[in-house]
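A short write-up of the structure that comes next.
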Amino acid sequence: MGRNQRDPDRVVRGPGPKSRRQKDLAMPKNYDITEEQEPNKKISSRAKVRAKKRDLKKQLLTSLVEAKAEKKVGLTFANSILETFEEADKIEEEDEIKEEETLQLLSDDDSDDMPDDEFDLDDDDDHVEAEIRDRVIGEMRGEDHEDDSSDDEGEDGELPIERKTKQVLQKRSQLSKLVSGDCNDNSAQNLRSHAYLFDKSYSHRAVKENNIQTNIAETETFVLPSGQEIEKENTLLFKNHIHQRIKDVVAVLSDFGNKRDPERTRKDYVNVLRKDLCTYYSYNDFLLSKFMDMFPLTELIAFLEANEVNRPITIRTNTLKTKRRDLAQALISRGVNLDPLAKWTKVGLVVYESPVPIGATPEYLAGHYMIQGASSFVPVMALAPQPGERVLDMCAAPGGKTTYIAQLMKNSGFIFVNDINKARLKAVVGNMHRMGVSNSVISNYDARSFPTIMGNFSRVLLDAPCSGTGVISKDPSVKTSKDDSDITKCSHLQKELILAAIDSCNAQAQNGGYIVYCTCSVMVEENEEVVNYALKKRNVKLVQTGLEFGVEGFCKYRQYRFHPSLKQTRRFYPHSHNMDGFFVAKFKKFSNKIPSSDDVKEKQEVKETVTDESASDAADPSTSTDQDTEDKTSKKRPKESDDNPTPVKKAKTNKKKQGKKKSKISETKKEISEEKRREKKS
């Protein structure tokens, strides 16, 4: 097999149709740039700039010659201008040599492979390259340039480019001094203007490098920017620049006496810090100013950073169906990485990694655990429900705390579960069935009207609706959606709910009469202010929550002054406890009687008088003897005056009023002493 050999006798007829369509071969034109330029050739933008520089240089030289001839300028001034020309030419030569090298590399790489139509450059590029080559070749023939590649650094460790910039800057300063001192006439003024333009156009590289050096020097001391600069920078700067400025301002405020700018006040620094924090962490001005009033600066940054990170996933073991050890072994066998939550809880687990969704395991569907935040354990632990009691959960959805209450009560007693949102009660019903809770009754009422519907509860849990400023990591929309009106609305609703919760509780219940108030907010208006309001309006007092960790509540906050017992409340923060922001307060109700407004006023007045008298007695012990002597003299005076009986009547009325006041004071003293005895017993 194979191809048949061609017949040597066969006559070739000539080129076929394919060969006839092809054109004759043509060699590509040489890429040679001639010195002669075409008259109608276009000029590039670079060539135009260089032409302007040449014209400016010619004008400078002519003005220099005229000034020198008229003896308006000295020889030193002329030499300095010529030296600046040389330095500027050197800087320009470096740019042109770099361009020549890049063009040469392109021509060497592509000259052999590119066809004729692709190899031809545009007219503008031809003109630019011809001008660069002619200029560089001419100057190389006439002058000997220094070999910069031999020594990269000088004796002082400076690069050649740094030495050149220093020299150019020195010439510029000398030039400005000479021009300002020697030139007064029109020719000298023209020379000054031409020299300024020449210096501005030729030494742009030196100016840039000088700016870099000065910026490095300025970073040693922080300079506070103005408000207009900050508004411009917010659109241009990256977040890391704003973050660096936040660190600088915090450092200045931490040592304000030594690091401050004498022309700026502390308020200026705080305003700049607040604006930067708003832009960096995406908060509105209202919410961030509240946080700045609440936390110190270092703690504020930690709180804001903690809100950017999600809290760890925690689960609560349902001891009605399993034990924590058995549940941990079952989940570990499924590849779940977990650990015990903390020492303060015996049912919590923290989950780090899980190959399967933690809310879809067979153990979850069987009701062996509940996915619940660590902060939600705390109010139920503070409530401490006992088996056989009547407990009310006023705002129960989705049912995590309610199932924990049933777990602690061991499915005994009664739990009344209420929520105003009927749609959310579906989740409560599902969780009750899944977790095996059988001692609950679910209702759908407004919690504010619950005392009129049902009462006589041993313990009441109120997880009041709030602004959600403690769970920003779960709901970042809180950063920009909350304002002053939202906080006031929530505070008003919480005050109504806490009074209803206290009225639903029975003070005479055995081992009961406790109310726990909690929110997932860190605002003082929703926490300490509401608790202080309840202490004034009802016969309750604050007791220990039984929690070994947490931060004490505020007794003094800006313009607010609260009852000293608010130290027994507890606050939890994400940056210090690694859980959602939370507030817990525990009340003990000692009387079912609802005090009227008059009784509240009288109690306050009497307490004030008691405190005033005790303080005055402690300060001046001689006042009591003086009062006794005055009383004795007042008794004797009416007897001496027989003609005027009216002072005797006035004295009698005054005695009656004083007797009433003393009786009230003695009653209040007895009440205060009884309260102290009860606190000691509890």
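The table below lists the values:
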{"quantity": "Verdict on Ala500 being in contact with a Pro (Cβ under 8 Å, 6 or more places away or on another chain) and of a type outside the set (Phe, Trp, Tyr)", "calculated": "yes"}
{"quantity": "Enumeration of residues in the range 302-345 that are in contact with a helix residue (DSSP H, G or I) (Cβ under 7 Å, 6 or more places away or on another chain) and free of Cβ contacts under 8 Å to residues at least 60 places away in the same chain", "calculated": "Leu304, Thr317, Leu327, Ala330, Leu331, Leu338, Leu341, Thr345"}
{"quantity": "Sole residue being assigned to a strand (DSSP E or B), under 20 Å from Met579 (Cβ atoms) and of a type outside the set (A, V, I, L, M), chosen from Tyr352, Tyr404", "calculated": "Tyr352"}
{"quantity": "Residue among Val531, Val522, Val584 that alone is part of a loop (DSSP other than H, G, I, E, B) and either surrounded by 15 or more Cβ atoms within 10 Å (Cβ to Cβ) or on the phi > 0 side of the Ramachandran plot (or both)", "calculated": "Val522"}
{"quantity": "Residue check, Gly367 outside the structural domain of Gln544 (by TED's automatic domain parsing) and either at pLDDT 95 or above or part of a loop (DSSP other than H, G, I, E, B) (or both)", "calculated": "yes"}
{"quantity": "Candidates Leu253, Leu327, Leu297 - the one that is outside the structural domain of Lys479 (by TED's automatic domain parsing), of a type in the set (A, V, I, L, M, F, W, C) and closer than 19 Å to Ala366 by Cα", "calculated": "Leu327"}
{"quantity": "Counted residues, the range 446-493 - those being of a type outside the set (Gly, Ala, Ser), touching a strand residue (DSSP E or B) at 6+ places or on another chain (Cβ under 6 Å) and under 29 Å from Lys593 (Cβ atoms)", "calculated": "6"}
{"quantity": "Residue match in the range 414-431 (condition: among the aromatic types (Phe, Trp, Tyr) and free of Cβ contacts under 8 Å to residues at least 40 places away in the same chain)", "calculated": "yes"}
{"quantity": "Of all residues making up the range 534-581, the number that are part of a loop (DSSP other than H, G, I, E, B), farther than 24 Å from Ser376 by Cβ and among the charged types (D, E, K, R)", "calculated": "2"}
{"quantity": "Output for the range 417-429, where each listed residue is hydrophobic (A, V, I, L, M, F, W, C) and either buried (at least 20 other Cβ atoms within 10 Å of the Cβ) or under 15 Å from Ala509 (Cβ atoms) (or both)", "calculated": "Val417, Leu425, Val428"}
{"quantity": "One residue from Gly430, Gly359 being in a helix (DSSP H, G or I) and more than 21 Å from Lys586 (Cα to Cα)", "calculated": "Gly430"}
{"quantity": "Every residue from the range 495-519 that is of a type in the set (A, V, I, L, M) and assigned to a helix (DSSP H, G or I)", "calculated": "Leu497, Ile498, Leu499, Ala500, Ala501, Ile502"}
{"quantity": "Residue check for Cys505: under 30 Å from the mean Cα position of the chain (by Cα) and surrounded by 15 or more Cβ atoms within 10 Å (Cβ to Cβ)", "calculated": "no"}
{"quantity": "Evaluation of Arg561 against (1) surrounded by 17 or more Cβ atoms within 10 Å (Cβ to Cβ); (2) farther than 30 Å from Lys346 by Cβ (one fails), failing number", "calculated": "(1)"}
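For every residue, the table says whether it meets (1) crowded, with 23+ Cβ neighbours inside 10 Å; (2) within 36 Å of the chain's Cα centre (by Cα).
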{"position": "Ile371", "(1), (2)": "no, yes"}
{"position": "Ser376", "(1), (2)": "no, yes"}
{"position": "Glu389", "(1), (2)": "no, no"}
{"position": "Ile405", "(1), (2)": "yes, no"}
{"position": "Leu408", "(1), (2)": "no, no"}
{"position": "Asn411", "(1), (2)": "no, no"}
{"position": "Ile415", "(1), (2)": "yes, no"}
{"position": "Asn431", "(1), (2)": "no, no"}
{"position": "Gly436", "(1), (2)": "no, no"}
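The values are calculated or read from the model by the stated rules, or taken from the named source; none is laboratory data. Predicted, not measured: the structure shown is a model, and the values here were computed from it. Backbone-built Cβ (ideal geometry, glycine too); neighbour counts: all protein chains shown.
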